[in-house]
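Asks: Quick one: this structure, given as structure tokens, is what I'll be asking you about.
A short reminder: the numbers here are calculations on the coordinates, not readings from a lab. Source: prediction; values computed, not measured. Here the Cβ positions follow ideal geometry from the backbone for every residue, glycine too, while neighbour counts run over all protein chains shown.
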Amino acid sequence: MTVIAEISMSADGIVAGPDTSAEHRLGKDGDLLHDWLFGGTDADAGVAARLFDGTGAFVVGRTMFDVGVEPWGDDGTFKKPVFVVTNRPHEPVVKGPTTFTFVTDGPESALRQAKAAAGADNVVLMGGGTTLRQYLLAGVVDELRLHVVPLLFGAGVRLFDAEVGAHVKLQRTGVEETPNATHLTFRVLN
């Protein structure tokens with residue numbers, strides 16, 4: 001089993017545009033960070049498909065759930081268990097084969113539950129930036145996948161805005177370039 005952190009960001013490290021609000025949950029123009037997922041090249045589609053290959057469970061933050069649950073549709077998109085890190089209790093949400101379980105006793109508990117649900121398969125940690133930073137700080141991420149979009153926001157929510165502990169050493173193990181994003185894969189060394 002591998003614990004994989006995966007997120008899209010602008011070339012200047014923004015994972016959500018400026019002025020996040022109920023109307024613009026990804027911030028103003030934040031959806032531009034995910035264009036590669038929905039209208040990209042065949043190569044982009046292959047990268048997107050790898051998100052699900054060998055994955056047995058997902059962990060997301062509450063904001064990502066709140067932003068995504070409607071666009072994910074009736075089947076919930078993931079078709080695997082999803083554990084939502086939150087401090088707001090909520091009954092599980094079932095959308096087709098996807099069950100969203102709300103975990104209020106910390107990110108470690110969410111990861112433990114995701115690992116149990118995944119069995120021998122991988123666990124993918126997704127947005128947002130705060131959630132990924134928590135897991136990087138805890139030293140539990142084995143692989144980091146960054147999808148760097150050729151766009152400069154200048155302002156917004158930065159992935160690495162807060163300290164992640166001592167230096168996090170990475171070894172690049174893969175790179176795939178498309179006109180829509182540079183897809184980087186790193187092994188986390190510490």
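Asks: Provide the gained length on full extension for the span Lys79 to Glu23, in nm with one decimal, where the gain is 0.36 nm per separating residue minus the Cα-Cα distance.
Replies: 17.5 nm
Asks: For the residue pair Ala11 and Glu70, what label-to-label distance in nm results when each label sits 7 Å from Cα along the Cα-to-beta-carbon direction?
Replies: For the pair Ala11/Glu70, the computed spacing is 3.2 nm.
Asks: Separate question: Return a single number: how many Lys pairs in the chain, at a sequence separation of 8 or more or on separate chains, have alpha-carbon atoms below 26 angstrom apart.
Replies: On the way: Lys79/Lys95; Lys79/Lys115; Lys80/Lys95; Lys80/Lys115; Lys95/Lys115; Lys115/Lys169.
Close lysine pairs found across the chain: 6.
Asks: Follow-up. Quick one: length gained pulling Asp142 to Leu189 fully straight, 0.36 nm per residue minus the C-alpha distance? Show your work: numbers first, answer last.
Replies: Values: separation 47, 0.36 × 47 = 16.92 nm, distance 0.77 nm.
Contour length minus Cα-Cα distance gives 16.1 nm.
Asks: Right, something else. Got a sec? How would Trp36, Trp72 order by Cβ neighbour count within 10 Å, fewest to most?
Replies: Trp72, Trp36
Asks: Spin-label point model (7 Å from Cα, Cβ direction): what's the Val93 to Leu37 distance in nm?
Replies: Once both label points are built, they end up 1.4 nm from each other.
Asks: Treat every Asp and Glu Cβ in the range 85-190 as -1 and every Lys and Arg Cβ as +1, leave all other atoms uncharged, and give the resulting dipole magnitude about the Cα centre to the nearest 20 debye.
Replies: The dipole magnitude comes to about 40 debye.
Asks: Thr104 versus Asp161, label points 7 Å from Cα toward the beta carbon: distance in nm?
Replies: Roughly 2.6 nm, to one decimal.
Asks: Kindly provide the pair-distance distribution of the chain built from C-alpha pairs, with 10 Å bins from 0 and whole-percent values in order of increasing distance.
Replies: Distribution as computed: 9, 37, 41, 12, 0 percent.
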